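The values are calculated or read from the model by the stated rules, or taken from the named source; none is laboratory data. Just so we're clear, the structure is a prediction, and the values are computed from it rather than from any experiment. Cβ sites come from the backbone with ideal geometry, for glycine too, and all protein chains shown count toward neighbours.
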Amino acid sequence: MSDSYDFIVVGAGSAGAALANRLTASGQHQVLLLEAGAASHPYSRLPASFGLLIGNPAANWCYTSEPEAGTANRRIPVPRGKLLGGSSAINGLVYVRGQPLDYDIWAQQGNRGWSYDDVLPIFKRLEHYEAEISDDRATGGPLRVSEVPDQNPLYDAWFAAAREQGWPINPDYNGRDQYGVVKTQATISRGKRMSTAECYLKPARKRRNLHIVTRAQVEQIVLDGKKCTGVRYRKGAQTTVASASCEVICCAGGIASPQLLELSGIGDPAVLQQHGITVAHDLPGVGDNFRDHINARINFRVRAPGVSYNERVRGLRRYWQGMKYLATGGGFLSLPSAPVLGFLKTRPDMETPDIQMHLVPYSIEDPARRKLHDHPGMTMAAYQLRPESIGSVHIQSADPNDQPAIRFNFLDDPIDRRTIIDGFRMIRQFAHSKALDHLRGEEISPGADVQSDDEIISWIAANAVTAFHPIGSCRMGPAGRNTVVDDRLRVHGLSGLRVADASIMPTMVSGNTNAASIMIGEKASDMILEDLANA
Ligand SMILES: Cc1cc2nc3c(=O)[nH]c(=O)nc-3n(C[C@H](O)[C@H](O)[C@H](O)COP(=O)(O)OP(=O)(O)OC[C@H]3O[C@@H](n4cnc5c(N)ncnc54)[C@H](O)[C@@H]3O)c2cc1C
């Protein structure tokens with residue numbers, strides 16, 4: 001079988017769904033959107049699906065990392081969305097653009113068009129922010145974003161404790177200044193998850209020029225010399241070659257994009273030949289420059305009754321939460337992964353925040369099974385915003401069904417170790433604010449016997465997990481600097497092929513990565529249509 005389109009988009013995640021919507025808006029271009037996962041999952045519109053789908057292969061690739069010395073040789077679970085909407089359909093819903101400096105650094109690295117002033121109009125056009133608007137925020141875009149409406153004495157105490165510490169309360173951390181303690185803005189509207197499937201694909205699905213095929217896994221990008229002509233994908237037992245007269249855009253995400261390039265013979269010859277893959281295009285940067293956030297969590301008991309969700313969902317009360325959600329769209333099932341946050345500085349002389357702190361109004365005994373403790377608890381967590389440690393994602397066989405080897409190399413860089421230890425100490429100091437005294441019980445984990453820097457870093461190495469933000473594995477930048485795409489997201493040295501997803505980020509943005517990934521999909525559509533018009 002063979003099919004022919006103008007554009008083929010691989011992966012219907014945060015970036016791919018936004019891109020497919022914009023490419024088909026004029027009605028002039030035939031677009032094939034291929035998604036390896038299903039069209040949806042019964043839980044996916046629930047915000048709480050973050051916990052319910054985190055280990056569920058029906059909507060999740062459920063990767064694991066390679067054992068590494070820096071994280072006590074553990075295999076860390078690496079969830080990634082596998083359905084329309086991609087990771088935006090299973091994520092923690094926290095909405096963060098990052099700091100202006102993040103994008104200015106991308107521009108300083110030689111990426112024209114990616115400074116904060118360049119990307120701000122795109123962030124504005126993609127959002128519909130359901131709260132007070134400043135010049136930096138907007139309404140009317142596809143992605144609905146709202147401030148978390150949940151109320152809880154824990155959140156009030158969080159803000160009171162911040163005042164006690166002398167930290168600012170920031171009314172809009174998605175404006176120009178991120179610094180301060182904040183109520184979370186979330187991709188939630190009226191209690192429903194706002195994935196890119198909901199916000200970008202649902203309104204576009206009836207377009208006659210948008211052809212969405214689900215459960216279609218792309219196994220190879222097809223090249224004719226140095227020109228990309230299409231893709232080969234498998235759906236069930238059937239293999240199809242689809243051709244693209246204009247371009248193929250790979251939006252498979254921070255893990256699967258470098259994997260697909262390597263499976264197609266694009267990458268470091270040493271890696272490809274090791275697995276018997278013929279080198280079609282020598283591009284050593286593929287799979288390198290990989291980064292993620294590592295998240296250190298501290299669990300406390302909560303001594304005030306009826307405050308922690310461990311209590312509020314116990315036994316028959318879970319049915320009450322279900323009814324509350326159905327009647328009001330509120331309660332436990334409507335929560336993002338953290339309803340209040342802090343963007344803070346581990347040293348007062350820092351120009352901008354270097355850690356993100358989270359409060360979760362419950363505590364978890366077994367993260368893998370999302371099993372809550374039997375006693376009332378809360379979790380405070382922190383990650384370093386811009387990690388320096390660099391890992392890699394590379395294929396470990398020529399079989400597209402084998403997951404690639406994911407090496408985070410977490411905590412390799414001394415700055416990362418220093419910052420996470422300082423962030424960990426800041427959580428403890430904050431948790432012992434007077435304003436939290438009436439709520440906070442004893443520290444459950446790690447506990448009072450973990451005190452010195454060595455004890456803290458060893459505990460983090462043995463317990464911390466990814467914050468689910470893999471980026472950088474198809475890095476954007478000028479050719480010849482271990483980069484994969486140029487600043488128009490074209491794969492260096494090839495025509496007809498771009499990568500547009502979290503994998504192109506040259507460095508980590510300061511925060512959760514969904515908003516930036518959607519922005520990348522949006523910006524890719526502008527560049528593709530401009531280049532077509534100028535061709
Ligand atoms: C559990 C979890 C919690 C998170 N929490 C937050 C949060 O609270 N806030 C936030 O901002 N970010 C969060 N993130 C991160 C954020 O969701 C991602 O950074 C973002 O969605 C990445 O977008 P993407 O387009 O690069 O990739 P994805 O959205 O992952 O999309 C890639 C798509 O490509 C498909 N695909 C892959 N390979 C193939 C193939 N060979 N053929 C066809 N299709 C393929 C995948 O199935 C997927 O649908 C979280 C992520 C996870 C997994």
Practice item. Kindly provide the set of residues from segment 1-46 that are more than 8 Å from the ligand (Cβ to nearest atom), in a loop (DSSP other than H, G, I, E, B) and under 19 Å from Lys82 (Cβ atoms), ordered by number. Key: Ala39, Ser40, His41, Pro42, Tyr43, Ser44, Arg45, Leu46
Check your understanding: Which of the residues spanning segment 47-66 are assigned to a loop (DSSP other than H, G, I, E, B) and either within 11 Å of the ligand (Cβ to nearest atom) or more than 23 Å from Arg144 (Cα to Cα) (or both)?
Key -> Pro47, Leu53, Ile54, Gly55, Asn56, Pro57, Ala58, Ala59, Trp61, Cys62, Ser65, Glu66
Exercise for review: Determine, yes or no, whether Val96 is touching a residue at least 24 places away in the same chain (Cβ under 8 Å), farther than 27 Å from Ala462 by Cβ and within 9 Å of the ligand (Cβ to nearest atom).
Suggested key: yes
Exercise for review: Could you please tell me which pairs satisfy a Cβ distance under 8 Å, a separation of 6+ or placement on different chains, a first residue in segment 300-322 that is over 20 Å from Pro47 (Cβ atoms) and at pLDDT 95 or above, and a second residue that is charged (D, E, K, R) and exposed (fewer than 14 other Cβ atoms within 10 Å of the Cβ)?
Suggested key: Phe300/Glu442; Arg301/Glu442
Check your understanding: Taking segment 95-133 on its own, how many of its residues are modelled with pLDDT of 95 or more and either in contact with a strand residue (DSSP E or B) (Cβ under 6 Å, 6 or more places away or on another chain) or part of a loop (DSSP other than H, G, I, E, B) (or both)?
Key -> 16
Review point. Restricting the first residue to segment 465-478 and requiring it to be more than 9 Å from the ligand (Cβ to nearest atom) and at pLDDT 95 or above, which pairs with a second residue that is of a type in the set (Gly, Ala, Ser) and assigned to a loop (DSSP other than H, G, I, E, B) meet a Cβ separation below 7 Å and a spacing of at least six or different chains?
Key: Ser473/Gly287; Arg475/Gly285; Gly477/Gly110; Pro478/Gly110
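Residue-by-condition table, conditions (1) in contact with a strand residue (DSSP E or B) (Cβ under 6 Å, 6 or more places away or on another chain); (2) under 30 Å from Ser257 (Cβ atoms):
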site: Gly391; (1), (2): yes, yes
site: Ala405; (1), (2): yes, yes
site: Asp412; (1), (2): no, yes
site: Val450; (1), (2): no, no
site: Ile457; (1), (2): no, no
Revision key, fill the gap. In segment 145-171, residues that are small (Gly, Ala, Ser) and in contact with a Phe, Trp or Tyr (Cβ under 9 Å, 6 or more places away or on another chain) total 3
Check your understanding: Under the condition of being over 17 Å from Arg370 (Cα atoms) and touching a His at 6+ places or on another chain (Cβ under 9 Å), which residue from segment 59-89 is surrounded by the most Cβ atoms within 10 Å (Cβ to Cβ)?
Key -> Ala89
Review point. Among the numbered criteria (1) surrounded by fewer than 18 Cβ atoms within 10 Å (Cβ to Cβ); (2) within 13 Å of the ligand (Cβ to nearest atom), which single criterion is violated by Asp104?
Key: (2)
Study note, to complete from the structure: Note: among Phe424, Phe430, just one is among the hydrophobic types (A, V, I, L, M, F, W, C) and either within 23 Å of the chain's Cα centre (by Cα) or outside any helix (DSSP H, G or I) (or both), namely Phe424
Practice item. Check every one of the strands (runs of 3 or more DSSP E) wholly within segment 170-268 and list those with 2 or more residues that are within 23 Å of the chain's Cα centre (by Cα) and surrounded by 18 or more Cβ atoms within 10 Å (Cβ to Cβ). Key: 180-183, 217-224, 238-250
Review point. Within segment 130-139, is there a residue that is surrounded by fewer than 23 Cβ atoms within 10 Å (Cβ to Cβ) and under 30 Å from Ala431 (Cβ atoms)?
Key: yes
Practice item. Being out of contact with any Gly (no Cβ under 7 Å at 6 or more places or on another chain) and either within 12 Å of the ligand (Cβ to nearest atom) or part of a loop (DSSP other than H, G, I, E, B) (or both) narrows it down to one of Ser510, Ser525, Ser503, Ser517, so name that one. Key: Ser517
**Study point:** Residues of segment 84-135 that turn out to be in contact with a helix residue (DSSP H, G or I) (Cβ under 6 Å, 6 or more places away or on another chain) and of a type in the set (D, E, K, R), as a count
**Key:** 2
Exercise for review: With respect to Arg74, determine if the residue is touching a Pro at 6+ places or on another chain (Cβ under 8 Å), more than 10 Å from the ligand (Cβ to nearest atom) and not β-branched (Val, Ile, Thr).
Suggested key: yes
Practice item. Go through Ala524, Ala516, Ala502 for me and flag whichever is among the aliphatic types (A, V, I, L, M) and out of contact with any helix residue (DSSP H, G or I) (no Cβ under 6 Å at 6 or more places or on another chain). Key: Ala516
Revision key, fill the gap. Filtering segment 490-510 down to residues that are closer than 13 Å to Cys228 by Cβ and among the aliphatic types (A, V, I, L, M) yields Val491, Leu494, Leu497, Val499
Practice item. Would you please list the contacts, defined by Cβ atoms under 7 Å and residues six or more apart or on different chains, that run from a residue in segment 214-235 that is closer than 20 Å to Cys246 by Cβ and hydroxyl-bearing (Ser, Thr, Tyr) to a residue that is more than 9 Å from the ligand (Cβ to nearest atom) and not in a strand (DSSP E or B)? Key: Thr229/Gly496
**Study point:** Pairs where the first residue, in segment 146-160, is in contact (Cβ under 8 Å) with a residue 60 or more places away in the chain and the second is in a helix (DSSP H, G or I), C-beta under 6 Å, 6+ apart
**Key:** Ala157/Ala435; Ala157/Leu436; Ala160/Ala435
Practice item. Within segment 287-339, work out how many residues are β-branched (Val, Ile, Thr) and either in the same structural domain as Met508 (by TED's automatic domain parsing) or closer than 28 Å to Glu455 by Cα (or both). Key: 3
